[in-house]
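Shown next, in structure tokens, is the structure this report addresses.
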Amino acid sequence: MVNATLAPEPTERAAPDTSAAVGIRVRARHRRRQAVVAYLFLAPTLLFYAVFLVLPLGFAVLLSTSRWAGFDLGDIHPVGLDNFAGLFADGSTFLAPILTNTLLFALGTLVLALAGSVLVATCIDKLRFQGLWRTLYFLPIVTTVVAVGNVWKYMYQPGGLVNGVLNAVGLGSVAFLQDPDTALPSVVVVQAWASVGSAILVLTAGLKSIPESYYEAAALDGAGPGTVFWRITLPLLRPSLLFVCVTQFLTGLQSFALIIVMTKGGPGDATNVAALEMYRQAFSYGDWGAASAAAFVLFAVVLAVTLVQLWLFRRKGEDA
């Protein structure tokens, strides 16, 4: 008997699954097409930022390390870090009093605006016609800085309204904008008054978010108004207060228009701030390099303050 060995039957090779590969390619082409369409829609915005943000920023970096009088681009001469060194050299007024005035102006504005807005927002929250009161306090925000500055400038004059009130109560006249000791605080008061409206809106919204049940529980426990304010209202207003601190301080650091309208930085350098000094260096003295260097120093100060504020947000457990 012959044992015949059966040869194994050839197995059929599985046909490659081309449908999945085709689907992947189709989806990839679709995503690329969507990306192209999206960038086409974004192109005007990207072009706007490139022309008005990226290019000026790069040009400012170039000028901060160069000498340029502001006319012929061929006259730009690199000087390294000499412009920054000149800002802090002996005899320079940038660190003191200019940068000092900037910080004092921002801090004074913050303190007055914050205290005033907390007081007014708390009072408004207990009054009728709250929308009317918020609108009245918000009017300085929508009024031009030139109008606000000129009105207060005349009110501060020796024969103006403020001195008239002082004379009426038996006090002597004060040279608010002419005395170096009172010029900066006088402008700080105006800046705080003009910025209280926006802070009131933020704080009023914060007050509305506090549940009434907390106040009802405090009333049942016999807590007085002072205790309720310090133990309930202020702690629960913390997110709104931190936001107001950030915005008010940064606005004060960059303030320019109100000062140039009311005092033009005088008397002397009593009210001169960093933004005004940048304007003077560039447009009055033709030193665009020093102006650009001062701008980056101010940017560093603003960045440091912003990082501190963000750190406070995170430390207090708030979402920045």
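The values are calculated or read from the model by the stated rules, or taken from the named source; none is laboratory data. What you see is a predicted model; the values in this text were computed from it and never measured. Note: ideal-geometry Cβ built from the backbone for every residue, glycine included; neighbour counts use all protein chains shown.
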(request) For the stretch 169-179, name all the residues that are surrounded by 15 or more Cβ atoms within 10 Å (Cβ to Cβ) and not polar (S, T, N, Q). (result) Val174, Ala175, Phe176, Leu177
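This table checks each residue for (1) closer than 30 Å to Gly80 by Cα; (2) in a helix (DSSP H, G or I); (3) assigned by TED's automatic domain parsing to the domain that holds Val120; (4) modelled with pLDDT of 90 or more.
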position	(1), (2), (3), (4)
Thr227	no, yes, yes, no
Ile232	no, yes, yes, no
Ala270	no, no, yes, yes
Phe299	yes, yes, yes, yes
(message) Quick check on my filter: what residues within the stretch 117-132 are surrounded by fewer than 15 Cβ atoms within 10 Å (Cβ to Cβ) and assigned to a helix (DSSP H, G or I)?
(response) Leu119, Cys123, Gln130, Gly131, Leu132
(request) Might you let me know whether the stretch 139-161 holds any residue that is in contact with a Gly (Cβ under 8 Å, 6 or more places away or on another chain), under 18 Å from Thr247 (Cα atoms), in contact (Cβ under 8 Å) with a residue 12 or more places away in the chain and not hydrophobic (A, V, I, L, M, F, W, C)? (result) yes
(message) Being within 22 Å of the chain's Cα centre (by Cα), surrounded by 12 or more Cβ atoms within 10 Å (Cβ to Cβ) and not in a strand (DSSP E or B) is the requirement here; does Leu114 meet it?
(response) yes
(request) Would you confirm whether any residue within the stretch 133-146 is at pLDDT 80 or above, of a type in the set (S, T, N, Q) and crowded, with 16+ Cβ neighbours inside 10 Å? (result) no
(request) For the stretch 16-33, state whether one or more residues are at pLDDT below 75 and not in a helix (DSSP H, G or I). (result) yes
(request) Collect the residues in the stretch 56-109 that are in a helix (DSSP H, G or I), of a type in the set (Gly, Ala, Ser) and at pLDDT below 90, keeping them in residue-number order. (result) Gly74, Ala96
(request) Please enumerate the residues belonging to the stretch 207-244 that are surrounded by 17 or more Cβ atoms within 10 Å (Cβ to Cβ) and either within 18 Å of Ile141 (Cβ to Cβ) or out of contact with any helix residue (DSSP H, G or I) (no Cβ under 8 Å at 6 or more places or on another chain) (or both). (result) Ser240, Phe243, Val244
